[in-house]
Amino acid sequence: RGLTAVDIVILSHHHTDHFGGMGQVIREFKPRYFMASGSSHTTKSYLRLLETVKEEGVTMVEPTEKLRKIELGSVLLTILPQPPENTKEENDNSIAVRLQYGEFSVLMTGDSEEGSRTWWRSKASALLSDCTILKLAHHGSHNGTDQNWLDLTQPQLAVASLGFDNSYGHPHQETLTLLRKNKIPLVRT
């Protein structure tokens, strides 16, 4: 597609379905920055990815308790404050990013569940509201989207990142029903 460089890679959280294949991207594109949470959840494959990042000389950064703004030309990435670590549920350690390009915005919150979404509502609700596109948390799972979340984000379109006919049944029927009720169209990767 003519891409020759990647400025930043943001890994939502430490589950393999969110970073599988990332080692090859790091080796081929050598991004300037690699962002991942400081979550203590780890696996051998995640440690291998971190080793690749180090070997390729990519600068590692973490989200903080404060907002972080990254300007990439006319695109602004805002990294929401990172909720306190949840040692029992890695999904709730997801990084949340709002991408803004003029009036267009995309809100991406990894596999966040109710705990982190509630925390973000209390700490950064203005960054959650009125997004053009909402990337559904946790692949459209019933625990990734609720009515309160949709009332706040008010997306014009929802996107679910998932495999066709996946064994998890994503997106879940509860989420599909909620989107229909709110007249929010859904597209799938």
> Over the stretch 57-187, what percent of the accessible surface lies on carbon and sulfur atoms, probe 1.4 Å?
Replying inline: 53 percent
>> Just to be sure I follow the rule: in the chain, considering lysines 8 or more places apart or on different chains, how many pairs have Cα atoms under 26 Å apart?
In response: 18
>> For a quick check of understanding: with a 1.4 angstrom probe and all protein chains in place, what accessible area in square angstrom does LEU77 have, to the nearest ten?
In response: 10 Å²
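So if I place +1 on the C-beta of Lys and Arg and -1 on the C-beta of Asp and Glu, and nothing else carries charge, what would the dipole magnitude of the chain be about its Cα centre? I want it in debye, nearest 20.
340 debye
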> By the scheme Lys and Arg +1, Asp and Glu -1, what is the net charge of all other residues having a beta-carbon under 15 Å from that of GLY73?
Replying inline: 0
> In terms of solvent-accessible area of protein heavy atoms at a 1.4 angstrom probe, what is the ranking of LYS66, LYS183, LYS30, highest value first?
Replying inline: LYS183, LYS66, LYS30
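Using 0.36 nm times the number of residues separating ALA124 and ASN166, minus their current alpha carbon distance, what extension gain do you get? It would help to have the intermediate numbers written out before the result.
Values: separation 42, 0.36 × 42 = 15.12 nm, distance 3.29 nm.
Gain on extension, ALA124 to ASN166, equals 11.8 nm.
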> How would TYR46, TYR101, TYR168 rank on accessible area, largest to smallest, probe 1.4 Å?
Replying inline: TYR168, TYR101, TYR46
> Ordering MET108, MET60 by how much accessible area each has at a 1.4 Å probe, largest first, what is the list?
Replying inline: MET60, MET108
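Pull out the extension gain between THR132 and TYR33, defined as 0.36 nm times the separation in residues minus the alpha carbon to alpha carbon distance; nm, one decimal.
Between THR132 and TYR33, full extension yields an extra 33.0 nm.
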> Using the scaling law 2.2 N^0.38 Å as the reference, what is the normalised Cα Rg of the chain?
Replying inline: 1.01
> Mind checking which of ALA137, ALA124, ALA96 has the largest fluctuation in a GNM of the chain, springs on alpha carbons under 10 Å?
Replying inline: ALA124
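The values are calculated or read from the model by the stated rules, or taken from the named source; none is laboratory data. Owing to the predicted nature of the structure, the values given are computational and were not obtained by experimental measurement. So basically every Cβ, Gly included, is an ideal-geometry build from the backbone, and we count neighbours across all protein chains shown. Protein only, heavy atoms only, side chains kept; ligands, DNA and RNA dropped before computing areas. Shrake-Rupley method; radii C 1.70, N 1.55, O 1.52, S 1.80 Å.
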